[in-house]
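Quick notes on the structure that follows.
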Amino acid sequence: MDSIFTKIINKEISSEIQYEDELCIAINDVNPKSKIHILVIPKKPIENINYASDSDKEILGHLMLVCQKLAKKLQIDEEGYQILTNVGEGGGQTVMHLHFHLLSGNTLTM
Ligand code: 5GP
């Protein structure tokens, strides 16, 4: 299922790319909710975490480590940050292509 993120991955829509490799792309969120707000998106169009399977283990682990590396690169690893994924409309998901929000500077509290 194509989403706006497929177009971003295929460079049909421009975005501010923070990182890219064969498995994922990380871009600045167009409507940032915090000082740093990056979306880490797998190139495989998994709808959300509900649709991930055992064969996606490598991708999922990779996305976490990309978040970790971006946090180090942006020097927010010491002060702290959040990694968040919304699941389904009821969970606040608006783009139906799995992504992790990397957020810093405006901590959401639970
Ligand atoms: P969700 O609500 O699905 O968890 O998050 C989707 C995020 O994608 C939102 O924070 C929204 O601002 C961001 N977004 C939607 N369309 C675009 C776009 O075209 N470019 C970028 N960079 N971010 C987008």
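The values are calculated or read from the model by the stated rules, or taken from the named source; none is laboratory data. This is a predicted model, so every value here is computed, not measured. Glycine gets a Cβ as well: all are built from the backbone with ideal geometry, and neighbour counts include every protein chain shown. Just the protein is used for accessible areas: all its heavy atoms, side chains included, with ligands, DNA and RNA removed. Shrake-Rupley method; radii C 1.70, N 1.55, O 1.52, S 1.80 Å.
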Tell me which residues, restricted to segment 73-106, are touching a residue at least 60 places away in the same chain (Cβ under 8 Å) and open to solvent by 40 Å² or more (accessible area, probe 1.4 Å).
Met96, Gly105, Asn106
Starting from segment 1-19, take each residue that is free of Cβ contacts under 8 Å to residues at least 40 places away in the same chain and list its partners that are open to solvent by 30 Å² or more (accessible area, probe 1.4 Å) and of a type in the set (D, E, K, R), counting only C-beta distances under 7 angstrom and pairs at least six apart or across chains.
Ile9/Lys43; Ile13/Lys7
Total residues in segment 70-93, condition within 16 Å of the ligand (Cβ to nearest atom) and either hydrophobic (A, V, I, L, M, F, W, C) or under 20 Å from Thr6 (Cβ atoms) (or both)
9
Of all residues in segment 1-48, which are among the basic types (Lys, Arg) and under 12 Å from the mean Cα position of the chain (by Cα)?
Lys43
